[in-house]
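A short worksheet on the structure shown next.
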Amino acid sequence: MAFKTKALRYLGRLSGRGEIIHNGKKMAPATFDFDGYHRPAAGVSGCGEIRLDADALKGLFGRNDLQMLTEQGQVFDIIFSDKVLPDESCVAHIDLTGMLDPADWRLRG
């Protein structure tokens, strides 16, 4: 018996500038490039990269209590995908977590 699964649907790309925040406090300016996906059973998920000053990234890397505040006012919970940050890196791969809204991905990217 074959299992039927609903296809993963690509919602689009978001990119721009924003701030990494913690408890509403701005920690570091950053640029971002995110992709969003939707699966009926699981909802919306997203992943991508953030870019910021290497020293700031080193200080924030590995934390799981950060958010990305975009210039458009969107707030995304973020967690780092990688376990190790290369020396002097200013780029990190992240996953978007929490309740993501499909509307955030419409008409953008």
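Just so it is clear, none of the values below were taken in a lab; they were calculated from the coordinates. The model shown is predicted, which means the values in this text are computed figures rather than measured ones. For neighbour counting, all protein chains shown are included, and Cβ atoms are generated from backbone atoms with ideal geometry for every residue, glycine included.
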Query raised in the report: Put a dot 7 Å past each Cα toward the Cβ at Leu8 and Asp101; how far apart are the dots in nm?
Result: 2.5 nm
Query raised in the report: Pulled fully out, how much extra length does the chain show between Thr31 and Asp87, if you take 0.36 nm times their separation in residues and subtract their Cα-Cα distance?
Result: 18.2 nm
Query raised in the report: Summing -39500 (n - 2.57) over the DSSP H runs of n ≥ 4 in the chain and dividing by its residue number, what mean residue ellipticity at 222 nm do you reach, to the nearest 500 deg cm²/dmol?
Result: -1500 deg cm²/dmol
Query raised in the report: Expressed in nm to one decimal, what extension gain is obtained for the pair Asp65 and Ala41 from 0.36 nm per residue of sequence separation less their Cα-Cα distance?
Result: 6.1 nm
